[in-house]
Amino acid sequence: MLNENIKAIRKSKGLSQQELAVKLNVVRQTVSKWEQGLSVPDSDMLLSLSEVLETPVSTLLGENVMEKEADDLKAISAKLEVINLQLAQRKSARRKFIHCLLILTCVIIIAIFTMLFLLGSSYLEWDHSDPEITVLKVAVLSLEWLFVRVAPIILIGLITGIVLTRKKE
């Protein structure tokens, strides 16, 4: 276990056997023997090895580093799963919000159409002889004319959006 941990941690730190040997003031063959399990470092060397690899001695002597990395991968996978679930919930909430907004806009457009229909266009009976009111009357007439021409196209787009954003089960 010690030999596997030394090798795994050395490689994770990006060190070659030679570089580790230089930092520990030993020959490369000594590091190679440790990693092959042919010999073990003494207690002083184990402390030096721990400092150079920036790893606790308990980790060097304890559990297998590969298993720990597998546990880390499991933890990362679990976190990614939670993040993906949160993103899916946000996307669903956003879709629902947009769906409701589209429906509300359709209702508003239909309400305005109904109001115009029930009230009738009174601009035909307006007296345009007063120049001060004529500008206001022309503005209202222009808005009504534009609404009647453009709103059906917008309404079709909104209904298409409602169909596309509905919850599919």
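The values are calculated or read from the model by the stated rules, or taken from the named source; none is laboratory data. Since the model is a prediction, treat every value here as computed from it, not as a measurement. Glycine also receives a Cβ, built like all others from the backbone with ideal geometry; neighbour counts cover every protein chain displayed.
Taken over segment 1-32, the residue count meeting the criterion of being of a type in the set (Gly, Ala, Ser) and either touching a strand residue (DSSP E or B) at 6+ places or on another chain (Cβ under 7 Å) or surrounded by 13 or more Cβ atoms within 10 Å (Cβ to Cβ) (or both) is 3. Write out, first by first residue and then by second, each pair whose Cβ atoms fall under 8 Å of each other, whose residues are 6+ apart or on separate chains, and whose first residue, in segment 78-107, is under 30 Å from residue 150 (Cβ atoms) and hydroxyl-bearing (Ser, Thr, Tyr) while the second is loosely packed, with under 11 Cβ neighbours inside 10 Å and at pLDDT 90 or above. Pairs that qualify, where the first residue is under 30 Å from residue 150 (Cβ atoms) and hydroxyl-bearing (Ser, Thr, Tyr) and the partner is loosely packed, with under 11 Cβ neighbours inside 10 Å and at pLDDT 90 or above: there are none.
You will find that of 69, 35, the residue that is at pLDDT below 75, assigned to a helix (DSSP H, G or I), among the acidic types (Asp, Glu) and surrounded by 12 or more Cβ atoms within 10 Å (Cβ to Cβ) is 69 and no other. Go over the candidates 105, 59 one by one and state the one that is hydroxyl-bearing (Ser, Thr, Tyr), surrounded by 10 or more Cβ atoms within 10 Å (Cβ to Cβ) and either in contact with a Cys (Cβ under 6 Å, 6 or more places away or on another chain) or modelled with pLDDT under 85 (or both). So the residue among 105, 59 that is hydroxyl-bearing (Ser, Thr, Tyr), surrounded by 10 or more Cβ atoms within 10 Å (Cβ to Cβ) and either in contact with a Cys (Cβ under 6 Å, 6 or more places away or on another chain) or modelled with pLDDT under 85 (or both) is 59. For segment 83-97, check the following and say yes or no: at least one residue is exposed (fewer than 14 other Cβ atoms within 10 Å of the Cβ), within 30 Å of residue 13 (Cα to Cα) and at pLDDT below 85. Yes, because at least one residue in segment 83-97 is exposed (fewer than 14 other Cβ atoms within 10 Å of the Cβ), within 30 Å of residue 13 (Cα to Cα) and at pLDDT below 85. Does residue 77 count as modelled with pLDDT under 85 and among the small types (Gly, Ala, Ser)? Answer is yes for this residue.
Is one or more of the residues making up segment 76-96 of a type in the set (Gly, Ala, Ser) and more than 30 Å from residue 160 (Cα to Cα)? Within segment 76-96, one or more residues are of a type in the set (Gly, Ala, Ser) and more than 30 Å from residue 160 (Cα to Cα).
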